[in-house]
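Engineer: Questions regarding the structure given below will be posed in turn.
The values are calculated or read from the model by the stated rules, or taken from the named source; none is laboratory data. Model, not experiment: these values are computed from the prediction. Here the Cβ positions follow ideal geometry from the backbone for every residue, glycine too, while neighbour counts run over all protein chains shown.
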Amino acid sequence: MSDIDEMVKEANHYFYNSDYKKALSLYYQVLSTDLENSYSYYNIGLTYEMLNEYELAVSYYKKSVRINNNIRSINNLARIYIDVIKDYKIAKEYLDFAIKTVPNDAEAYNLYGNLSFIEKDFKLAENYIKKSIFLDGNFFKNYFDIANMYYHQNDKENAKDMINKCISLKQDFLPAKQLAEKIDAM
């Protein structure tokens, strides 16, 4: 294993143990050896996102995308523009780009579904989430998100079916268990 690989492995260890400052230091060292390493820019962006430093996260994700259209960076940019910045127009641009870049990317359709839900276009939201489920039937978040949509539309039967599928895929996902309780109480 090369020195760079060892540094990435060590940085990832710190990242997964929530020692983001040490992870950042190592990711920057890796980047200093290869300024065209999209993975390094992505990791730095992700680390800044964990530190709630969204401007820096956006900056590094954009650098990652410029190098090689890193789909994870594109989706993370869209998610930040949806959840944090609340600029839905730019989020849609990133999601359109994500789908154009990787047409079968389930996460981009999931994000588009959530954005459509926020904009109260429930039919479009449902269609995007169903497309994401079609592309990746094991992506538990799809089932959670569509269950949540059905819950907010008072559709208990479909909400219960979808939340049960979510829980069957990820038994330890606490928000799903909490939503299941709310659905049962409908």
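Engineer: Scan the stretch 13-39 for residues that are touching a residue at least 24 places away in the same chain (Cβ under 8 Å) and under 17 Å from SER64 (Cβ atoms) and report the count.
Structural biologist: The total comes to 10.
Engineer: Could we say that GLU93 is at pLDDT 95 or above and of a type in the set (Asp, Glu) here?
Structural biologist: Criteria met by GLU93.
Engineer: Anything in the stretch 61-83 that is over 21 Å from ILE146 (Cα atoms) and of a type in the set (A, V, I, L, M)? List them, or say none.
Structural biologist: VAL65, ILE67, ILE71, ILE74, LEU77
Engineer: Then there's this: From the list TYR88, TYR112, exactly one residue is surrounded by 15 or more Cβ atoms within 10 Å (Cβ to Cβ), of a type in the set (Phe, Trp, Tyr) and either in the same structural domain as VAL65 (by TED's automatic domain parsing) or touching a residue at least 40 places away in the same chain (Cβ under 8 Å) (or both). Which is it?
Structural biologist: TYR88
Engineer: Now for a separate question. In the stretch 169-178, is there at least one residue being modelled with pLDDT of 95 or more, crowded, with 21+ Cβ neighbours inside 10 Å and not assigned by TED's automatic domain parsing to the domain that holds SER40?
Structural biologist: Scanning the stretch 169-178, I find at least one residue that is modelled with pLDDT of 95 or more, crowded, with 21+ Cβ neighbours inside 10 Å and not assigned by TED's automatic domain parsing to the domain that holds SER40, so the answer is yes.
Engineer: Which of (1) free of Cβ contacts under 8 Å to residues at least 24 places away in the same chain; (2) surrounded by fewer than 21 Cβ atoms within 10 Å (Cβ to Cβ); (3) assigned to a helix (DSSP H, G or I) does ILE67 not meet, given it meets every other one?
Structural biologist: Result: ILE67 passes all but (1).
Engineer: Pick from the stretch 115-132 the residues that are without any contact (Cβ under 8 Å) to a residue 24 or more places away in the chain, buried (at least 21 other Cβ atoms within 10 Å of the Cβ) and assigned by TED's automatic domain parsing to the domain that holds LEU169: which of them is nearest to GLU93 (Cα to Cα)?
Structural biologist: TYR128
Engineer: What's the total number of residues in the stretch 25-49 that are farther than 18 Å from ASN76 by Cα, of a type outside the set (Phe, Trp, Tyr) and assigned to a helix (DSSP H, G or I)?
Structural biologist: Residues that pass the stated criteria total 7.
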